[in-house]
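See below for the structure under consideration.
The values are calculated or read from the model by the stated rules, or taken from the named source; none is laboratory data. Keep in mind that what you see is a predicted model, and the values were worked out from it rather than measured. Methodologically, a virtual Cβ is constructed for each residue, glycine included, from the backbone with ideal geometry; neighbour enumeration extends over all protein chains shown.
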């Protein structure tokens, strides 16, 4: 299957700083990528849809000014958590559809801890 | 919008037994139903998926069945092994993998050795 990577895998930052998370499709192109947030022992909550060449589409209740998404190329989407606070601590996961099999593959996730 | 319900929330089976996990969905327009396995601290891994034009799909010890009329689909794992222990999520979407997925709450499967 297709491979999706995320970087970094873990990040610890101070409150008030910004953190950038990268999501890459390693061996295929993705015009769309998805960003999810997952709390411990909970399901995945879709935050936004990242669109190459256009603005991201945010789900209801997700602050677009706080969670900045940039789909820089057909293989890279970034999520920037701006002015992070402890309540932003979570597991962030991206996914990308692979058109060959019309399936969606997930990255390994990024554990964000805001002190 | 779509609502996916998954039950039970936990399931414990003896190694070698079969496990069945069921999901229901609400949107009759949904036509793509993947299943993901998530191990602790890792991203979800696609294990099998099914589309609305088929009723069953099998891959070695794993099978998925779909009942469009009743709007439910199930994951079947035969000859369970301890390494099958994980959280399993079902999901649904309207237009295949390019559209956003709605996930169930997940089920924790424990396989007792």
- Item | Out of B:55, B:1, B:41, sole residue that is modelled with pLDDT under 95 and within 24 Å of residue A:32 (Cβ to Cβ) | B:1
- Item | Which numbered condition residue A:53 fails, given (1) within 12 Å of chain B (Cβ to nearest Cβ); (2) at positive phi | (1)
- Item | Selection from the stretch A:34-49 of residues that are more than 9 Å from chain B (Cβ to nearest Cβ) and modelled with pLDDT under 95 | A:39, A:40
- Message: Any residue at all in the stretch B:86-104 that's away from chain A (no Cβ under 12 Å) and not in a strand (DSSP E or B)?
- Response: yes
- Checking B:108, B:24 in turn, the sole residue that is facing chain A (nearest Cβ under 10 Å), assigned to a strand (DSSP E or B) and in contact with a strand residue (DSSP E or B) (Cβ under 7 Å, 6 or more places away or on another chain) turns out to be B:108
- When only residues in the stretch B:58-85 that are more than 12 Å from the chain's Cα centre (by Cα) and in a strand (DSSP E or B) count, which is surrounded by the fewest Cβ atoms within 10 Å (Cβ to Cβ)? B:59
- Note on the structure: How many residues of the stretch A:6-33 are under 11 Å from the mean Cα position of the chain (by Cα) and at the interface with chain B (Cβ under 10 Å from one of its Cβ atoms)? The answer is 1
